[in-house]
Amino acid sequence: MAIMPGAMLGVLGGGQLGRMFVQAAQQMGYSVTVLDPSHDSPAGRVADAFICAAYDDTAALQTLGQQCAAVTTEFENIPAKSLQKLTQYCIVSPDANSVSIAQNRVREKRFLVDNGFSVASFAVIAQPQDIATQDVAQFLPGILKVSQFGYDGKGQAKVFTVAELNAAYQQLNHAACVLEKFMPLKCEISVVVARSSDGSVVTFPVSENQHVNGILNVSIIPARISPLLSECAQNIACQIAEKLNYQGVLCVEFFVLRDDALLINEIAPRPHNSGHYSIDACITSQFEQQVRTLCGLPLGATTQLSPAVMVNLLGDVWHNGDPDWNIVLQHPSAKLHLYGKTEARPGRKMGHFTVLGSDTAAALNEALRIKKQLEAN
C-alpha cells in the first residue's frame, strides 16, 4: 500500500542530498525526520524533526524507525547493519544489500563483473604482498582507490610505476584498495535511474560530466553523445538496478572510451550530483522521484523540458567572503541553489547553479561565463 502525503518519512544523512530530499518531500505534503551526527547539518536545519546521533546508534535508529513510515539514505556510507535494523520498524529503501555492494569498491567491481557488466581492468590490493604477488604492471599507469569511504577524489592516487604504487598504498594506510588501469577516454557520463518495488523503471536524460581534481565541476544535459550511445547507457543502468533488485534512485557513472565503448566507473545508491539539473529542467526531479519510490507511488515523468548545464559551487569561490550572487541572479535562465552550509572550505560543495537554454551550446556558454565571473570576483 502506498504511503500518502501527511506521513512522516526519514532520511539517514544530513548533507545537501538529504536537504533536497526533505524539500521535495515537504513540497509533496510529507513530514521528514533527519538523523545525522552533526548538530548543524543542512538537512537537519530544514527538517520537521531532527535526531542528532551516530548512524549506528541503536536507540536513535529505533526512534527514527518507530516515528517514520519509511526511511531512505542520503549517501552510501551509512552502515548496512543500520539499514537492516530499521527494517524491524518501517520500510527501508534502498536495502542493506544494495548499499553494502555500492559502498565497497571491491564488492561493487565483483558484482558488476559477475553479472556481465564491463569495467576497466582492475586488481584488488588488500595487503602489501598483493603488489608483489600480482602482475600489477599490466594495470599501470592506473589509479589506486580505497575500497570504502573515498569520494570526490579523496582516497585516490595516480600511479605510474610499481614504486609509486607501493608508496601510494602506504599513504593510504594499507587499506583495501582497487587499482584501476587508466583508459583512453572520450568523456564521462552518468545515468540516474529510478526503480519502484514492482519493478517499474525510468531513467533521466544522460549527463555529460567534467571533473576537476576528482570533483564534479560541470554537467551538460543532454550529453553530447549519439542517441544510440545514450540509449545503451540507459539500458545498462536499468539492468544494474534490476540485478540489484533495487528500489529507489540509483546513479551509474560510465567512462566513454574513444571507440564509444562504455565501461562502468561506479554506482551510487542515491540521487547524484550530476542529476541536480533535474530540479529545474525535468518534469520530475530526482528527489521527488526518490520520494515516489520510497512511498510506493507511481514514478514521475523524467522528460527534460530544456537543455541544461549544472555548475558546482565549491568553497573555493568564497575566497574573498560571500560571492556576489547578483552575477548568477541577473541571468533570467540561471537557477541558484545554496546548501545552507556554514563553513566554506576549498573543495567543499556549497551549492550549484543550473543554466537553462534554447540549446546545449547556448546553456554551456552562459554557464561558463557565469562561472568565470564568480571565480574572478
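Nothing in this text is a laboratory measurement; each read-out follows from the coordinates by a stated rule. Quick caveat, the model's predicted, so the values are computed rather than measured. Virtual Cβ from ideal backbone geometry, glycine too; neighbours counted across all protein chains shown.
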| field | Rough spin-label spacing in nm, given labels placed 7 Å along Cα→Cβ, for Asn217 and Met1 | value | 5.3 nm
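Count the net charge of all other residues whose Cβ sits under 13 Å from the Cβ of Val178, scoring Lys and Arg as +1 and Asp and Glu as -1.
Net charge around Val178: +2.
Would you calculate a helix-derived [θ] at 222 nm for the chain, using -39,500 (n - 2.57) for each DSSP H run of n ≥ 4 and dividing by the full residue count, to the nearest 500?
-8500 deg cm²/dmol
To the nearest 20 debye, what charge dipole does segment 232-362 have about its Cα centre, counting +1 at the Cβ of each Lys and Arg and -1 at the Cβ of each Asp and Glu?
300 debye
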| Unsatisfied cross-links (Cα-Cα over 31 Å) in the set Lys81/Lys158; Lys186/Lys372; Lys181/Lys335; Lys243/Lys371; Lys109/Lys371 | Lys81/Lys158; Lys181/Lys335; Lys243/Lys371; Lys109/Lys371
| message | Given contacts defined as C-alpha pairs under 8 Å and at least six residues apart, what's the relative contact order of segment 8-92, whole-number percent? | response | 33 percent
| request: Quick one: work out the % antiparallel among DSSP beta bridges in the chain, nearest 5. | output: 75 percent
| request: Please report how far the C-alpha centroid of segment 1-17 lies from that of segment 43-114, rounded to the nearest whole angstrom. | output: 12 Å
| field | the chain, dipole about Cα centre (Lys/Arg Cβ +1, Asp/Glu Cβ -1), debye to the nearest 20 | value | 120 debye
| note | Plugging the Cβ-Cβ distance of His319 and Lys158 into 1/(1 + (r/R0)^6) at R0 = 25 Å yields, to the nearest 0.05, a FRET efficiency of 0.40
| said: Within the chain, which whole H helices from DSSP have a Cα span along their axis of at least 20 Å and a mean Kyte-Doolittle hydropathy of -0.5 or more, if any? | reply: 227-243, 360-376
| task | For Asn115 and Asn97, compute 0.36 nm times the residue count separating them, minus their Cα-Cα distance, and round to one decimal in nm. | result | 4.9 nm
| field | Stokes-Einstein translational diffusion, segment 185-376 - Kirkwood Rh over all Cα pairs, 1.306 mPa s, 10 °C, in µm²/s | value | 93 µm²/s
| query | Which value, in Å³ per residue, describes the convex hull spanned by the Cα atoms of the chain? | reply | 142 Å³
| query | Mind checking the log10 I(q)/I(0) for segment 121-181 at q = 0.12 Å⁻¹? Debye, one equal scatterer per Cα, no solvent, two decimals. | reply | -0.21
| note | The size of the Cβ-based charge dipole (Lys, Arg +1; Asp, Glu -1) of segment 167-325 about the Cα centre, to the nearest 20 debye, is 320 debye
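Need one word for segment 304-377: rounded, prolate or oblate. Basis is the Cα gyration tensor (sqrt eigenvalues a ≥ b ≥ c); a/c below 1.5 gives rounded, then a/b vs b/c decides. Don't skip to the answer; put the middle values down first.
On the way: a/c = 2.23, a/b = 1.82, b/c = 1.23.
Cα axes put segment 304-377 in the prolate bin.
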| request: Starting from the Cα of Lys145, draw a straight line to each of the aspartates and glutamates and keep only those under 17 Å, dropping any in the same chain fewer than 8 residues away. | output: Glu76, Glu108, Asp130, Glu164, Glu180, Glu253, Glu266
| task | Would you be so kind as to identify which of Gly116, Tyr169, Asn320 lies farthest towards the positive end of the dipole of the chain, taking Lys and Arg as +1 and Asp and Glu as -1 on Cβ and the Cα centre as origin? | result | Tyr169
| message | Taking the Cα of Glu375, stepping 7 Å toward and past its beta carbon, and measuring to each backbone N in segment 325-368: which are under 15 Å? | response | 346-348, 353, 365-368
| field | Cα centroid separation, segment 159-200 to segment 267-309 (Å) | value | 25 Å
| said: Expected output is a single nm value to one decimal: the length gained when fully extending between Gln210 and Ser197, i.e. 0.36 nm times separation in residues minus the C-alpha distance. What is it? | reply: 1.4 nm
| From the residues Gly29, Gln62, Pro42, which one has its Cα farthest along the dipole of segment 29-111 in the positive direction, the dipole being from +1 and -1 charges on Cβ of Lys/Arg and Asp/Glu about the Cα centre? | Gln62
